[in-house]
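Working notes, structure below.
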Amino acid sequence: MDAIIIQILNGLDKGSAYALIALGLTLIFGTLGVVNFAHGALFMIGAFCAVTLQRILTLSTVTIDETQKDFLGNPLKVETPYVVNWFGDSAGNSIIDWSVPLAIILAIPVMLFIGYAMERGLIKHFYKRPHADQILVTFGLAIVIQEIVKLFFGANPIPTPAPDMFAGSLDFGVMLGFDPNAIIYPYWRLIYFAFAAIIIGAVFAFLQFTTFGMVVRAGMADRETVGLLGIDIDKRFTVMFGIAAAVAGLAGGMYTPINPPNYHMGMDFLVLSFVVVVVGGMGSLPGAVLAGFLLGILESFASTTWATTTVPGINQIVIYLVAIIVLLTRPRGLMGRKGVMED
Amino acid sequence: MLGLNTRDASLFVIVVILALTAPFLLNPFPAESSLAQFNAGYPDLMQRFAIYGIFAIGFNILFGLTGYLSFGHAAFLGVGSYAAVWMFKLLNYNILPAVILSVIVGGLFALLIGYISLRRSGIYFSILTLAFAQMSFALAYSVLTPITNGETGLQVYTDDPQYLQSADAPSIPHLFGVTMRSTQDIDFGAWSFSFNAGYYVCAVMMIVMFYLSIRIFRSPFGMMLRAIKTNQTRMNYTGLNPRPYTLAAFVISGMYAGLAGGLLAAMDPLAGAERMQWTASGEVVLMTILGGAGTLLGPVLGAGFIKYFENIFSKINENVLHQWFAFLPDGLEDFLVTILYPFVGKGWHLTLGLLFMLVVIFLPGGLMEGGQRIGRIFRKREKKPEVRAKDPEHHPKPSPHVA
């Protein structure tokens, strides 16, 4: 029993990342009808927002401290970050410590802007072109973004730790009456899951309960009629693209303590997220979220020793296997609508 | 000639001449000059031109004709390589059985994957092929290590059986005694040209495959494939089942990829799983689109273009840039070098990505379309252009409007 719970928990954080990326992909696809291969790159940019903020916060003045000597006997150079100078020791250090959650504040405007610019500058011109062209141009864009990030941050993963407060693990088993240490789960993963749940809830609430969201949903159902009613639907769809980019960026930024970001992390996630979208059903938002969590949990179950000894290598291929089975038995995915991308 | 019409025949003859004289054409700069780094006439690179040319020609038969965008073609290249190395391990270093087996294995693997993937079309097909390729990649790395030798890559060891290896045969890949590495260097004044046996094997293969692809393009079968791209629903209504045709195209392109993989292994008897990764599949898509999907020559051009820049651009480093701009004032020189540096050397992927985006945005027909546009500009200047369809037989006159 505890083994099952621990696998479900392990699957949740990866599943949250899949679900968030897949949600953004589906939003873009459902509104604009564009297959965005650069979405993984947006996830990666979000992660590097956190890295950038960390770098900015740790910008330091170097002073030579004559009282201390290093091992060669030279006066020690002491680096003091500006924020420590400005806010004092404890406040400054805790700001640096909290750089990953603070990155949310940076990531939202940055990602909204990038999404907006991307849609207006590039994607807009591809609505009338075939899906293959959209895939290809966004694929090219993903390569370009990836290389630019590599240029600035290098090719190695950059460790970005979570705040100290969340460094430990939660003994989850004790709460449920198991032995101590039977189920331990890092705090940050729990937070990531909660964060993902909030974001997903916020996106759904936005679509469901605001006038803006209502118009967008109407536009998703019948773009032409909404246009005929005198609503500038394109403008709203552009905003939705920005929101989708922000969702991907936040997912990436908060994921950095779990997986140190490198320039090709986006591509690694993208391939899987596409599989998730297809399993969930192209164009179905709940489907994307459901499939994201489902596949994340399935993947974690497949990497248990029991599974890998029964079917060797299952942990590597389980997601693709599920995708193949779903596509062949339920071609529209778990919750796909009729007539989406069927030509 | 050879069952080709005049236009195709002249195109074919040009390709044959270019392929056979490539060692001359690709070394236009004297060996000692500062421009020698732009020379592409060394065996390794020329072999890659021909091999990836074959790969792209095969991919084009599927994507260019039927419009099915496969994101998993590298899997066939990978299994082709593995098959070839296994033939080296079991029989001997003669490349003929190795290449034949790699074509067969590539075809069979394509039959299996195609049979399942082609149940769906559009993006679903792309994702299915991608999923299969990633699966093969993951399996080759982990569980199938006894067959693929995992991360190390499959290679021939001295204790391999090699049942047919005779004592006097060379112990590197060869074709009936002629080793693939044997190279004849000819110096001609300041120029030096190298003629490599391996390159000529690949080039001849490429020529044969190019000929086959022309025949496929012009055959009724090729017409049927185009019909699938143009309007599959209509094809269904006329009582034709598109599935067998697309499957055949998929298998043919899988065999091309298998052949390319086999040749890669024949030039260098080593096969690694990274050849199957999806980035490798993406590369062949880039080549085909960059050259011009659906055209005969495009894929070969695209493959040559990408492989050339991969090798030449990535070799340019900061010092070389400084040399080039040495004639400029220092400040300007440094400025230009700083600007250009991210685009060359290790950053050449950035150039590739930008170039690719530009091509997709402005030249959906690839380099071939670019060439045609330039050609049209020149022809317009010379004389009034005659309005005629490229292929009058297949572009019927627009019918008069009804009602």
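The values are calculated or read from the model by the stated rules, or taken from the named source; none is laboratory data. Note that this is a predicted model, so its numbers are computed, not measured. All Cβ positions, glycine included, derive from the backbone under ideal geometry; neighbour counts span all protein chains shown.
Residue-wise test of (1) surrounded by fewer than 22 Cβ atoms within 10 Å (Cβ to Cβ); (2) modelled with pLDDT of 80 or more; (3) more than 17 Å from the chain's Cα centre (by Cα).
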| site | (1), (2), (3) |
| --- | --- |
| A:Leu272 | no, yes, no |
| A:Val277 | no, yes, no |
| A:Ala288 | no, yes, no |
| A:Ala291 | no, yes, no |
| A:Phe301 | yes, yes, yes |
| A:Val311 | yes, no, yes |
| A:Ile317 | no, yes, yes |
| A:Ile325 | yes, yes, yes |
| A:Met335 | yes, no, yes |
Checklist entry - Considering the stretch B:130-160 alone, what residues qualify as being within 12 Å of chain A (Cβ to nearest Cβ), part of a loop (DSSP other than H, G, I, E, B) and not hydrophobic (A, V, I, L, M, F, W, C)? => result B:Ser142
Item to check | the stretch B:90-129, residues that are touching a Pro at 6+ places or on another chain (Cβ under 7 Å) and away from chain A (no Cβ under 14 Å) | outcome: B:Leu90, B:Leu91, B:Tyr93, B:Ile95
Item to check | Elements of type helices (runs of 4 or more DSSP H) contained in the stretch B:1-92, each with 3 or more residues being touching a residue at least 40 places away in the same chain (Cβ under 8 Å), in contact with a helix residue (DSSP H, G or I) (Cβ under 7 Å, 6 or more places away or on another chain) and buried (at least 16 other Cβ atoms within 10 Å of the Cβ) | outcome: B:6-20, B:43-66, B:74-90
Item to check | Scan of the stretch B:148-171 for residues that are surrounded by 13 or more Cβ atoms within 10 Å (Cβ to Cβ), at pLDDT 80 or above and not small (Gly, Ala, Ser), ordered by number | outcome: B:Thr148, B:Asn149, B:Leu154, B:Gln155, B:Val156
Checklist entry - How many residues does the stretch A:117-173 hold that are facing another protein chain (nearest Cβ under 8 Å), assigned to a helix (DSSP H, G or I) and more than 21 Å from the chain's Cα centre (by Cα)? => result 7
Next on the checklist: Looking at B:Gly67 and the list (1) within 24 Å of the chain's Cα centre (by Cα); (2) away from every other protein chain (no Cβ under 11 Å), which single condition is not satisfied?
Outcome noted: (2)
Next on the checklist: For a quick check of your reading of the model, give me the residue pairs whose first member lies in the stretch B:235-250 and is at negative phi, whose second is loosely packed, with under 11 Cβ neighbours inside 10 Å, with beta-carbon atoms closer than 9 Å and at least 6 apart or on different chains.
Outcome noted: B:Met235/B:Asn241
Checklist entry - With respect to the numbered conditions (1) in a helix (DSSP H, G or I); (2) over 29 Å from B:Leu175 (Cα atoms), which one is the sole condition not fulfilled by B:Lys315? => result (1)
Item to check | helices (runs of 4 or more DSSP H) wholly inside the stretch B:319-403 containing at least 3 residues that are at pLDDT below 80 | outcome: B:330-340, B:366-382
Checklist entry - Given (1) within 13 Å of chain A (Cβ to nearest Cβ); (2) at pLDDT 85 or above, where does B:Gly304 come up short, assuming only one miss? => result (1)
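Determine whether A:Ile243 is touching a Lys or Arg at 6+ places or on another chain (Cβ under 9 Å), of a type in the set (A, V, I, L, M) and away from chain B (no Cβ under 14 Å).
On the way: touching a Lys or Arg at 6+ places or on another chain (Cβ under 9 Å): no; of a type in the set (A, V, I, L, M): yes; away from chain B (no Cβ under 14 Å): yes.
Answer is no for this residue.
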Checklist entry - If you scan the stretch A:76-116, which residues turn out to be exposed (fewer than 14 other Cβ atoms within 10 Å of the Cβ), in a helix (DSSP H, G or I) and aliphatic (A, V, I, L, M)? => result A:Ala91, A:Ile105
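May I ask you to verify whether A:Ala197 is touching a residue at least 12 places away in the same chain (Cβ under 8 Å), of a type outside the set (Ser, Thr, Tyr) and assigned to a loop (DSSP other than H, G, I, E, B)? Walk me through how you get there before you give the answer.
Details: touching a residue at least 12 places away in the same chain (Cβ under 8 Å): yes; of a type outside the set (Ser, Thr, Tyr): yes; assigned to a loop (DSSP other than H, G, I, E, B): no.
No: the conditions fail for A:Ala197.
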